[in-house]
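Scroll down for the structure; my scribbles are underneath it.
The values are calculated or read from the model by the stated rules, or taken from the named source; none is laboratory data. Because the structure is predicted, anything quoted here is derived from the model rather than measured. Glycine also receives a Cβ, built like all others from the backbone with ideal geometry; neighbour counts cover every protein chain displayed.
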Amino acid sequence: MTHSARTEPRIGGDPPRPFMDSLLRGLGRLVLQAYYRQIEVTGSNHLPESGPVIVVANHFNSLVDGVFITSFLPRMPRFLAASTIWDFTPIRPLLNAAGVVPLFRAQDGRKVKGSMPATFTKAAELLRSGGVLAIFPEGKSHNEPSLLPLKTGTARIALEADSDTDLLSVQIVPVALTFEAKNRFRSRTLVEIGSPIAASRDQIEAYRSQDPGVRAAAVKQLTSQISECLQALAPRHETWEEARLIGRAAEIIGQPDPIDAQHDDWATLNTTRRDLSRGYAIVRETHPEQTAALRQDLAEYDNLLRATALRDGQVANTPSAGAGPLIVKTLVRFLLGLPIVCIGLLLNWPPYRALLALSHWRDLDKRSTWSIFAGFFLFPIFWTIAAIVSGYVGSTIWGAAAFWIIGSAVLIAGPVSGKAMLGYLDLYSETVAEARARTRLYGANSLGDSLTEKRQIILEKLRALVEAHRSDEAHRKPD
């Protein structure tokens, strides 16, 4: 995926800063790719290459959501964000550099008379200049398994911009952020960009009306359309248990044949997961007994996998190749890179442990934010201290020149060895997981047979329920 350096306008008529935009996007990708092992972006072609755009996204992961939107979309957006974010003093320069505009909201206890309409007017002006505006329409970050009701601000801004001219057509683009485990280091994330929508001519005309009721109806109607588009992409479950079990079902039905099973594709898996979630909402009403039985089997299978730290793909895959080649490959790479591993541990493990302790007591929807943003400062500070100490020790042995040589080397080694360590960490984790799977699934015990049998039962029940649902749909269709 390419990230263009095109010039994007800023809110309030401030001059564009393409170099700063490129720098911030690059930094954002760097820190997110360090924290998350895999980041997939789909639907980039849906975002218009030029013209006014409002990006609307779900908000499950605090400030991290904003970094994803800023860094991985083809164009650089300008955010409207709650003024409370500016309470985190160290990140104020980043917010100002990105052109983020504060909203002084009553729900935060910071309502300033006239500030909200003024901000919306500035946002509309940004759109008229062909810019990209980004909004989290739920109004706050949260840890719920589905979207919260949307605020009306997005629709108001879009209609405000469109109603001033017959030539403008603001495109509203939904973006869904889906996290495998948002607070888990080296997990996966999916950024899905959906098809754009725009306010209808009738809605724009209604918003031009002097009747407040007519205007409010147009805003409500467009907000409902935005909600439908975002709900079609974003995770939507009643409980986190339901989300987990539907995820298991998607894994099973996504790679049903143990002989041909491959590592799942995160984007494809989420599409399957979304389809199953919609179907589940229907079949639990139309086929309650079958659905309850399947849910019970899924819960038992899920509990077994979690208790043994196994993955569904490991149960599905054939054991014929064994874990030997992977273990040998890991051992060879580890021995060849032993100096880098040691340097990486020395320079990166202490700040990493400090970040874990710092984020542990935070709210669930803010833990990764604290880890990533605090790490943005903590790692460089630790590298600098290590460079000064190493340089000082070196200067006492080899003279003053050694201070700068050794100190500079340590300062460079910090991020370089850290990046290398991520590769070793991923390979090590995969090797341990595969070795554990071979030991637990294909040893002398019957765990492997039990899991394989349970998985096959679930697959057959899933297929039967899918066919029953399709049959119901076919009978409901008119001749």
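Tell me yes or no: at least one residue of the stretch 423-430 is under 30 Å from ALA357 (Cα atoms) and among the charged types (D, E, K, R). Can you show your working first?
Quick first cut of the stretch 423-430, residues under 30 Å from ALA357 (Cα atoms) only: 423-430.
Those still in the list that are among the charged types (D, E, K, R) too: 426, 430.
There is at least one residue in the stretch 423-430 that is under 30 Å from ALA357 (Cα atoms) and among the charged types (D, E, K, R).
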Determine if the stretch 96-110 includes at least one residue that is touching a residue at least 60 places away in the same chain (Cβ under 8 Å), under 26 Å from PRO380 (Cβ atoms) and outside any loop (DSSP other than H, G, I, E, B).
-> yes
Taking the options SER277, SER224, name whichever one is out of contact with any Phe, Trp or Tyr (no Cβ under 6 Å at 6 or more places or on another chain), assigned to a helix (DSSP H, G or I), assigned by TED's automatic domain parsing to the domain that holds GLU160 and within 29 Å of ILE135 (Cα to Cα).
-> SER224
Please specify each residue of the stretch 111-143 satisfying the condition of being surrounded by 15 or more Cβ atoms within 10 Å (Cβ to Cβ), outside any helix (DSSP H, G or I) and touching a Lys or Arg at 6+ places or on another chain (Cβ under 8 Å).
-> GLY131, VAL132, LEU133, ALA134, PRO137, GLU138, GLY139, SER141
Failed item in (1) at pLDDT below 90; (2) under 20 Å from LYS454 (Cα atoms); (3) surrounded by fewer than 15 Cβ atoms within 10 Å (Cβ to Cβ), with PRO256 passing the rest | (3)
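Look at ASP162 and say whether it is at pLDDT below 95, within 23 Å of VAL53 (Cβ to Cβ) and assigned by TED's automatic domain parsing to the domain that holds ASP65. Break it down into steps so the answer makes sense when it comes.
Numbers: at pLDDT below 95: yes; within 23 Å of VAL53 (Cβ to Cβ): yes; assigned by TED's automatic domain parsing to the domain that holds ASP65: yes.
Here the answer is yes, as ASP162 does meet what is asked.
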Report, by residue number, each residue of the stretch 410-424 that is without any contact (Cβ under 8 Å) to a residue 60 or more places away in the chain, surrounded by fewer than 18 Cβ atoms within 10 Å (Cβ to Cβ) and touching a helix residue (DSSP H, G or I) at 6+ places or on another chain (Cβ under 8 Å).
-> PRO415
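Let's see how each residue does on (1) of a type outside the set (Asp, Glu); (2) more than 25 Å from ALA250 (Cα to Cα); (3) not in a helix (DSSP H, G or I):
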{"site": "ASP297", "(1), (2), (3)": "no, no, no"}
{"site": "TYR301", "(1), (2), (3)": "yes, no, no"}
{"site": "LYS329", "(1), (2), (3)": "yes, yes, no"}
{"site": "ILE343", "(1), (2), (3)": "yes, yes, no"}
{"site": "LEU347", "(1), (2), (3)": "yes, yes, no"}
{"site": "LEU358", "(1), (2), (3)": "yes, yes, no"}
{"site": "LYS366", "(1), (2), (3)": "yes, yes, no"}
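I'd like to know if the stretch 368-380 contains one or more residues that are surrounded by 15 or more Cβ atoms within 10 Å (Cβ to Cβ) and without any contact (Cβ under 8 Å) to a residue 24 or more places away in the chain.
First, pick out the residues of the stretch 368-380 that are surrounded by 15 or more Cβ atoms within 10 Å (Cβ to Cβ): 368-376, 378-379.
Checking the rest, the ones that are also without any contact (Cβ under 8 Å) to a residue 24 or more places away in the chain come to 370, 374.
Among the residues of the stretch 368-380, at least one is surrounded by 15 or more Cβ atoms within 10 Å (Cβ to Cβ) and without any contact (Cβ under 8 Å) to a residue 24 or more places away in the chain, which makes the answer yes.
Would you mention how many residues in the stretch 305-322 are more than 18 Å from ILE253 (Cα to Cα) and in a helix (DSSP H, G or I)?
Kept after step one, since they are more than 18 Å from ILE253 (Cα to Cα), are these residues of the stretch 305-322: 306-309, 319-322.
Checking which are in a helix (DSSP H, G or I) leaves us with 306-308.
Residues that pass the stated criteria total 3.
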